[in-house]
Amino acid sequence: MPEDELTVEEATAIAEHARSGSLPLDDPEVRKVVEQANRTLVRAQMWGEDRSPKLRRRRRWLAAGALVMVLVWVAGLLVPLAFRLGL
């Protein structure tokens, strides 16, 4: 994990303080940290707290496989139609 990246616990605490209004969001530096905390929380919710390259690779293969299945399905619909219409 890079040194400037927040942990999920830190991000949760920062986001809670920002929601409660105890952080001055007028300050651009504070706003940057709050935005980084929100990004960290969204990333943790989406990919899980543990950022494992193996898990990420597996999810990418799964997404690619699903995309291929959809493309084959669409081709299965459009190719016979194109032959029937003489295109």
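The values are calculated or read from the model by the stated rules, or taken from the named source; none is laboratory data. Only a predicted model underlies this, so the values are computations on that prediction, with no experimental measurement involved. Note: ideal-geometry Cβ built from the backbone for every residue, glycine included; neighbour counts use all protein chains shown.
The table below lists the values:
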| item | result |
| --- | --- |
| Close pairs from segment 73-87: first on the phi > 0 side of the Ramachandran plot and surrounded by 10 or more Cβ atoms within 10 Å (Cβ to Cβ), partner hydroxyl-bearing (Ser, Thr, Tyr) and assigned to a helix (DSSP H, G or I), Cβ under 8 Å, at least 6 apart | none |
| Residue match in segment 39-55 (condition: more than 24 Å from Glu9 (Cα to Cα) and not in a loop (DSSP other than H, G, I, E, B)) | no |
| Among residues of segment 39-60, those that are surrounded by 10 or more Cβ atoms within 10 Å (Cβ to Cβ) and either farther than 30 Å from His17 by Cα or modelled with pLDDT of 95 or more (or both), counted | 6 |
